[in-house]
Structure formats: structure tokens, C-alpha cells
Amino acid sequence: MSKLESLQFDNGFARLPESYYSRVCPTPVPAPYLVCHSPEALRLLDLDESEITRPEMIATLAGNQLLPGMDAIAALYAGHQFGHFVPQLGDGRAILLGEVKNAAGEGWEVQLKGAGRTPYSRGGDGRAVLRSSIREFLCSEAMHALGIPTTRALAIVGSDHPVYREDEETAALVTRLAPSFVRFGSFEVFYYRNQIEPIRELADYVIARYYPELAKRDEPYAELLREVGRRTAELMAQWQAVGFSHGVMNTDNMSVLGLTLDYGPFGFLDAFDPGYICNHSDSGGRYAFDQQPDVAAWNLTKLAQTFVPLLSVETASAAIAGYPQQFGQAYIERMAAKFGLQLDGETVPLVMDALQLLAQNHVDYTIFLRRLCDFDSAEGAVNATLRDLFLDRSAFDAWAFRYAGALRAIGSVDTKRSMAMRAVNPKYILRNHLAEVAIRRAADHRDYSEITRLHTLLLHPFDEQPEFEAYAAEPPDWARQIEVSCSS
Ligand code: AMP
Ligand code: MG
């Protein structure tokens, strides 16, 4: 483990031509202080944990100083936002400091979100508020612990520098880590400018660095599309299976590495509601929970379109044609595992009927699945703790009868199944109200202990943590008033 000064930078993205970004330094913030950090993320950079409290580290994560070897840039991209093409977006408040090579040979790009204005800020102030930074920090690390591909969060640094949203708030910066932040929109910007060479060069860069095995194939660009489609299908299956709603699935928030990217007004399902809209600004429900797999498919067509000049319409569309099947397969495999079932003819109707019952009875998705881990498949068993979740008890009984029969038919042993199901049905997720408590304490009292408590708890989402039982409960009544929007 090493010190901040010994970080080795190798800035691959910054070596691309300047058409992909603008060189821009972070704008310093006054008197930065450490809000929270992720020890696991520090280890990705081989950094000793004690480094995090050093003034030099805090100054670096605040954007108040650059280290030798850093090459600060804001990336250019475009994107389809709520279905409408915006020809130029780009990192309006995120600044890539550089790419760290760790001892294991991995490259981690280090990006500050909320680092001040860039040439792509348009009317924005280039800042992020503490509230949204806490949500991004907690969710990135929680998603990783759930086994869901995501960008990571190293730390939050705050400053009393005022930031104006609906009300006055204070500034914060999240340090994000990812192998790459290249988005679908990074390709779209050149397609709509009719610039084919930059598309090719970016595709070559992505293949060489992140999909090297594709370089030797006959049609590397088609293979790249196919692989992005496959990873996106896998990601959507994971989101749907865990009950995660992203909220702003614009093409500029879609990672070409299949990572969950740009946490804004996201939300986890409490009561199962397929039409759940976590983003208060999404009045049409374009990004409602059950729309996500289809939106991802639509977004993939936008990416594929940018590859048409390199391929052909037929090849580009063929490359992503497998997505619906890949998503369907990945989703039902995950759901079968969550229900302790095998992939046979009974599974799909059992799962779908359960989801319908959950929706009709407003049953908490996570709690239901966790209690299902203890299901007693013996003939005539009542399964009272599960049954109590349903208003319509007889509908539950009828479903449980079928489920028990299916389990017995495959010779499922309750104790063994329970163990396996507990490893795929989290007990703890980042419910909105949990984040809200941490945010209120931080914003109102400068008390960051709840962020750390939540972060630590969510590192082990599948474990029983008896001292944190209350964090696994349904949301309290006041949680209904929480509104999360794009304003961050
Ligand atoms: P997001 O909704 O966070 O994914 O942001 C969409 C676009 O708006 C991106 O190009 C961001 O960089 C930009 N943006 C969001 N908030 C700000 C801000 N406060 N200042 C400048 N640009 C911003
Ligand atoms: Mg974004």
C-alpha cells in the first residue's frame, strides 16, 4: 500500500486527440473537508487508508491541487435525453484527473464530479451538492457489493461554498473511479457531426483497452457492439432482479463497459410496483422501472446507428439483435435463482405470478424475497411470516401451494435452498429513506457518521446483521414525501 505521491498515472484517454475532450483544471473550493471515504475503493488505487485524512489528499480530491502526472480533462459527448437528441453535452461538472495504474496492472480513471465549470457546462455551475453526492457515493459502493457492475466512489469532500438549487445548499465533490467513463453519447457526438474517423478511432481505443480479445476477430466493430449489447442485457437483468431504477437512462448515461453510470434520482423498489418512477421530473414515466430493459434496447439502437458508417445498417443492427433474448435469459436465470427454482417450464409462470401478487398487494419486494429464503416446502406448511405480507391471504396460499409443489418436484432441500437464496436475495438495500436520514444528519448537523454506518452495512447486503435489523424494514410513512429529481 502506498502514498498519494507515489500514484502512477498513465492517462490513456488524454492521449487521444483533443477532439474528444477539453483540457480544463478543477476550480478550487474554499476550506474542503472530508465527508466520507471507501476503504475498498482506496485499495483499488493501492492507497494506504491513512492517506485519506492527509490535507494533501483532501486538497487533491477537492480539485484544489493536481498531482504530478495528472492531466485534467473534461470529456465531450452528446446524448439522447428523454428521447431528444442533444448534439453537445460533455462533462459539465466532472473532470477526469488521470488514470492510475495499480500494482495489479489495472487502470482506474479518477474523476471528480462537481469540480467546477468546463467548456461543456452550458448554463450550469459545474458543482454538485452534498445531498446528491452522498446518494452517489453510497449507491456506487452498495451496487458493487451487490455484485452489480458500476462506477466506484472513493470519497466525498465537502465545502461550505454555497450552491443554489431550489434552495441554497453546499458543494461537494465525489471522486469516482472506473476503468473508463466512455458513454454511448461519446460516439453519438461524432456521428451527428458526420465525423467518421473519430468514431473509428474511439472504437479502436475502446477495443484495444477494454475488449482486447475482440481485436483479432473478423469484424471487431460489430463484435464491440455485440459485446456492449450483451453487457447491457446483463446489467438490465441485474437492475430488474434487484429492483433498481436508474431514473435517467439517457444515452449519455449509458456506459460502453456495461457499468451503472451517473447516479442521480435513482431508487430501489420498496413495495413492488412495476410502474415505479423514481425521478420526480420524469412525468411521462419514460424511465419507469419496468421500461428500463426496453429503454436500454432503444439506447443500443442509437449506439448501433453511430457504427453504421463503419459497418453497414444490416451488420450494425444484427450485432445488437440478440439483446432481447440475452436480457430475457439473464433475467429469468437470476429470478429463478432468487426463487430457488430451476429453469424449467414452471419457473416463468411462478415468478411472474408472484410479481403480480406482490404488485396487487403492495408487498415489499426485498422483504418478500428475503423471507422466501425460509420457505417451508412441506405439504400443509403455512409460512406465516410470508403470508402476513399479503392482504389477499388466499391468493398467497394458492401461489404458495404451487411453489411448494414445484420445489418438491425438483427435490429441493429447504436448508440447502435457503443458503443459496440468501446469497442472491439481499437483506439490505439503499432505500431512499435510509439515504435521506444520512443526508439530513450530514447537511443539518455536519454529522457524517450515518453515511459511514450505511456504507459499512451495505458492504455486506446478503449477511444477517442483527444490530442493523431496522435498516431492513419497510420505509416509514414519512418516506412517501421524499421527492428525488434531476436537480443535483
Ligand atoms: P446528468 O443528469 O448529471 O447526467 O447531467 C446531464 C448533463 O448536464 C451532463 O452533460 C452534465 O455534465 C451536465 N450537468 C449537470 N449538472 C450540471 C451542473 N451543475 N453544472 C454543469 N453541468 C451540469
Ligand atoms: Mg450524465
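When both residues are 6+ apart or on different chains and their Cβ atoms are under 7 Å apart, which pairs have a first residue that lies in region 74-89 and is at positive phi, and a second that is open to solvent by 20 Å² or more (accessible area, probe 1.4 Å) and more than 12 Å from ligand 2 (Cβ to nearest atom)?
82/286; 83/286
As an exercise: evaluate residue 122 against (1) more than 11 Å from ligand 1 (Cβ to nearest atom); (2) over 27 Å from residue 42 (Cα atoms); (3) open to solvent by 50 Å² or more (accessible area, probe 1.4 Å) and give the number of the one condition it does not meet.
The single condition residue 122 does not satisfy is (1).
Considering only residues that are open to solvent by 10 Å² or more (accessible area, probe 1.4 Å), closer than 29 Å to residue 76 by Cα and more than 12 Å from ligand 1 (Cβ to nearest atom), which ones fall in region 246-275?
Scanning region 246-275 gives 257, 259.
Report, by residue number, each residue of region 46-69 that is open to solvent by 10 Å² or more (accessible area, probe 1.4 Å) and in a loop (DSSP other than H, G, I, E, B).
46, 48, 54, 64, 65, 66, 67, 68, 69
What about residue 402, is it in contact with a Ser or Thr (Cβ under 7 Å, 6 or more places away or on another chain), open to solvent by 60 Å² or more (accessible area, probe 1.4 Å) and within 30 Å of residue 345 (Cβ to Cβ)?
It is false that residue 402 is in contact with a Ser or Thr (Cβ under 7 Å, 6 or more places away or on another chain), open to solvent by 60 Å² or more (accessible area, probe 1.4 Å) and within 30 Å of residue 345 (Cβ to Cβ).
So, in region 429-463, how many residues would count as being within 21 Å of residue 271 (Cα to Cα) and assigned to a loop (DSSP other than H, G, I, E, B)?
Here the count works out to 5.
Checking the conditions here, which among 470, 479 is part of a helix (DSSP H, G or I), at pLDDT 95 or above and out of contact with any strand residue (DSSP E or B) (no Cβ under 8 Å at 6 or more places or on another chain)? Even if it seems obvious, please write down each step before you answer.
Working: 479 fails: at pLDDT 95 or above.
Being part of a helix (DSSP H, G or I), at pLDDT 95 or above and out of contact with any strand residue (DSSP E or B) (no Cβ under 8 Å at 6 or more places or on another chain) holds for just one of 470, 479, which is 470.
Restricting to region 253-293, name every residue that is farther than 25 Å from residue 363 by Cα and either more than 16 Å from ligand 2 (Cβ to nearest atom) or not hydroxyl-bearing (Ser, Thr, Tyr) (or both).
Of everything in region 253-293, those that are farther than 25 Å from residue 363 by Cα and either more than 16 Å from ligand 2 (Cβ to nearest atom) or not hydroxyl-bearing (Ser, Thr, Tyr) (or both) turn out to be 253, 254, 256, 257, 258, 259, 261, 262, 264.
Out of the helices (runs of 4 or more DSSP H) lying entirely within region 311-392, which hold 3 or more residues that are over 30 Å from residue 223 (Cβ atoms) and open to solvent by less than 10 Å² (accessible area, probe 1.4 Å)?
347-360, 365-372
For region 420-437, which residues satisfy the criterion of being aliphatic (A, V, I, L, M), touching a Phe, Trp or Tyr at 6+ places or on another chain (Cβ under 8 Å) and closer than 12 Å to residue 139 by Cβ?
429, 430, 434
If we keep just the residues of region 100-117 that are farther than 18 Å from residue 6 by Cβ and open to solvent by 10 Å² or more (accessible area, probe 1.4 Å), which is farthest from ligand 2 (Cβ to nearest atom)?
Residue satisfying both the conditions and the ranking: 117.
Does residue 243 satisfy the condition of being within 22 Å of the chain's Cα centre (by Cα), crowded, with 19+ Cβ neighbours inside 10 Å and on the phi > 0 side of the Ramachandran plot?
Details: within 22 Å of the chain's Cα centre (by Cα): yes; crowded, with 19+ Cβ neighbours inside 10 Å: yes; on the phi > 0 side of the Ramachandran plot: yes.
The answer is yes for residue 243.
Mind checking which pairs have a first residue in region 127-144 that is farther than 14 Å from residue 36 by Cβ and outside the structural domain of residue 91 (by TED's automatic domain parsing) and a second that is open to solvent by less than 10 Å² (accessible area, probe 1.4 Å) and assigned to a loop (DSSP other than H, G, I, E, B), Cβ under 8 Å, 6 or more apart or different chains?
Taking only residues 6 or more apart or on different chains, not a single pair turns up.
Condition check ((1) aromatic (Phe, Trp, Tyr); (2) under 17 Å from the mean Cα position of the chain (by Cα)) across all residues:
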position	(1), (2)
266	yes, yes
281	no, no
288	no, yes
300	no, no
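Please indicate, with yes or no, whether at least one residue in region 367-390 is touching an Asp or Glu at 6+ places or on another chain (Cβ under 8 Å) and within 18 Å of residue 276 (Cα to Cα).
Scanning region 367-390 turns up at least one residue that is touching an Asp or Glu at 6+ places or on another chain (Cβ under 8 Å) and within 18 Å of residue 276 (Cα to Cα).
The values are calculated or read from the model by the stated rules, or taken from the named source; none is laboratory data. Since this is a predicted model, take the numbers as computed values, not measurements. Glycine also receives a Cβ, built like all others from the backbone with ideal geometry; neighbour counts cover every protein chain displayed. Surface accessibility is based on the protein's heavy atoms, side chains included, excluding ligands, DNA and RNA. Shrake-Rupley method; radii C 1.70, N 1.55, O 1.52, S 1.80 Å.
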